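Trainee: Pasting a structure here, questions to come.
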Amino acid sequence: MGTRTYRTVLIGAGNVASFLKANIKSPFELTCVGGRQRTCPIPKDADLYIIAVSDRSILSVSEELKDVDGLVVHTAGSVQMDVLSSKRRGVLYPLQTLSKKRQIPASRVPFYIEASQEKDLELLRELAESMGSKAEQMDSQRRKYLHLAAVFCCNFVNRLYGITADLLEAHNIPFSAMLPLIHETADKVDELTPSEAQTGPAVRWDEEVMAQQMSLLDDEQKQLYQLLSKSIHDDKLRSEEDKGSRL
């Protein structure tokens, strides 16, 4: 007997859909129908439907699939599994920053999965492993916090990279000057906690340096500088209090 083939329909055209389209392979036989502006009808006889559209569009796409017998999943981090209308439903959430302009191996994209039936958890695990990735079960409540944490450590940090790029460009300094620092900052937390790895004038509360730096910033940048500096210093004070209470 040969390996069973799972007919799989991918709905979406964004970054996550593009990643899945490039990486899903046998025994999952993929059909792509596009995103919100799709003209191709959704087949109703598939084994697996993956809804990889914006969070606000998941419900309307799910309504189109409420009567199918296959497993219907979405790929969102902050959307409950039960928003789906089908009998068999689940979540296939990739915890990674994905961009169409940059290809990364699926081994660097962990999936967090949830399903209303045990057999469907195994199907989603098989899908992840067929791509060379891994899957870990996580319910909707915990996944919300996982996604929130990802916003802080990825999306917000990347916006700070954008501010960094603006500051450097204004003074004819290449962004590449920051790359060794960026890489070491990321590497350090493999061995140290974020609190242990924290350095800079806010840790020491060096008001002279901080005032001088704020004078170089516009109003929006100055607000961010002040908020982040206070958060850094407050974290240091809490850490010192915790150490004192343990002595």
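Trainee: Those residues that are farther than 21 Å from Lys119 by Cβ and either surrounded by fewer than 17 Cβ atoms within 10 Å (Cβ to Cβ) or over 24 Å from the mean Cα position of the chain (by Cα) (or both), I need them from segment 38-53; list them, please.
Mentor: Initially, segment 38-53 is screened for residues farther than 21 Å from Lys119 by Cβ, giving 38-43, 52-53.
Listed by number, the residues that qualify are Arg38, Thr39, Cys40, Pro41, Ile42, Pro43.
Trainee: Just the residues that are under 29 Å from the mean Cα position of the chain (by Cα), surrounded by 11 or more Cβ atoms within 10 Å (Cβ to Cβ) and on the phi < 0 side of the Ramachandran plot, please, taken from segment 200-230.
Mentor: Once the filter is applied, which keeps residues that are under 29 Å from the mean Cα position of the chain (by Cα), surrounded by 11 or more Cβ atoms within 10 Å (Cβ to Cβ) and on the phi < 0 side of the Ramachandran plot, segment 200-230 yields Ala202, Val203, Gln221, Lys222, Gln223, Leu224, Tyr225, Gln226, Leu228, Ser229, Lys230.
Trainee: Considering only segment 102-115, state which residues are of a type outside the set (A, V, I, L, M) and either under 20 Å from His147 (Cβ atoms) or in contact (Cβ under 8 Å) with a residue 60 or more places away in the chain (or both).
Mentor: Of everything in segment 102-115, those that are of a type outside the set (A, V, I, L, M) and either under 20 Å from His147 (Cβ atoms) or in contact (Cβ under 8 Å) with a residue 60 or more places away in the chain (or both) turn out to be Gln103, Arg108, Pro110, Phe111, Tyr112, Glu114.
Trainee: Sticking with this structure for a sec: Got at least one residue in segment 19-37 being closer than 27 Å to Tyr145 by Cβ and within 17 Å of the chain's Cα centre (by Cα)? It would help to see each step written out before you state the result.
Mentor: First, pick out the residues of segment 19-37 that are closer than 27 Å to Tyr145 by Cβ: 19-20, 23.
Next, only the ones that are within 17 Å of the chain's Cα centre (by Cα) stay: 19-20.
Yes, there is a match, as at least one residue in segment 19-37 is closer than 27 Å to Tyr145 by Cβ and within 17 Å of the chain's Cα centre (by Cα).
Trainee: Looking only at segment 201-224, count how many residues are in contact with a His (Cβ under 9 Å, 6 or more places away or on another chain) and of a type outside the set (D, E, K, R).
Mentor: Going through segment 201-224, the residues in contact with a His (Cβ under 9 Å, 6 or more places away or on another chain) turn out to be 202-205.
The next check asks that each one be of a type outside the set (D, E, K, R); those that pass are 202-203, 205.
Residues flagged as in contact with a His (Cβ under 9 Å, 6 or more places away or on another chain) and of a type outside the set (D, E, K, R) within segment 201-224 amount to 3.
Trainee: When you scan segment 77-113, how many residues do you find that are farther than 16 Å from Ser133 by Cα and touching a strand residue (DSSP E or B) at 6+ places or on another chain (Cβ under 7 Å)? Before you say what the answer is, go through the steps one by one.
Mentor: First, pick out the residues of segment 77-113 that are farther than 16 Å from Ser133 by Cα: 77-90, 99-102.
Narrowing the set further to residues that are touching a strand residue (DSSP E or B) at 6+ places or on another chain (Cβ under 7 Å) leaves 77, 81, 84, 86, 88-90.
Of the residues in that region, 7 qualify.
Trainee: Assess whether Thr31 counts as being assigned by TED's automatic domain parsing to the domain that holds Arg108 and surrounded by fewer than 20 Cβ atoms within 10 Å (Cβ to Cβ).
Mentor: Values: assigned by TED's automatic domain parsing to the domain that holds Arg108: yes; surrounded by fewer than 20 Cβ atoms within 10 Å (Cβ to Cβ): yes.
Here the answer is yes, as Thr31 does meet what is asked.
Trainee: How many of the residues making up segment 19-62 are in contact with a Leu (Cβ under 9 Å, 6 or more places away or on another chain) and either assigned to a strand (DSSP E or B) or closer than 16 Å to Phe111 by Cβ (or both)?
Mentor: Looking only at that region, the number is 13.
Trainee: Within segment 220-243, can one find any residue that is under 16 Å from Leu160 (Cβ atoms) and touching a residue at least 60 places away in the same chain (Cβ under 8 Å)?
Mentor: Checking segment 220-243: at least one residue is under 16 Å from Leu160 (Cβ atoms) and touching a residue at least 60 places away in the same chain (Cβ under 8 Å).
Trainee: Restricting to helices (runs of 4 or more DSSP H) lying wholly in segment 102-199: which have 3 or more residues that are outside the structural domain of Lys87 (by TED's automatic domain parsing), β-branched (Val, Ile, Thr) and out of contact with any Asp or Glu (no Cβ under 7 Å at 6 or more places or on another chain)?
Mentor: Of the helices (runs of 4 or more DSSP H) lying wholly inside segment 102-199, those with at least 3 residues that are outside the structural domain of Lys87 (by TED's automatic domain parsing), β-branched (Val, Ile, Thr) and out of contact with any Asp or Glu (no Cβ under 7 Å at 6 or more places or on another chain) span 157-169.
The values are calculated or read from the model by the stated rules, or taken from the named source; none is laboratory data. Here the structure is a predicted model, which is why all the values come from computation and not from measurement. When we count neighbours, we look across all protein chains shown, and the Cβ atoms used for this are built from the backbone with ideal geometry, even at glycine.
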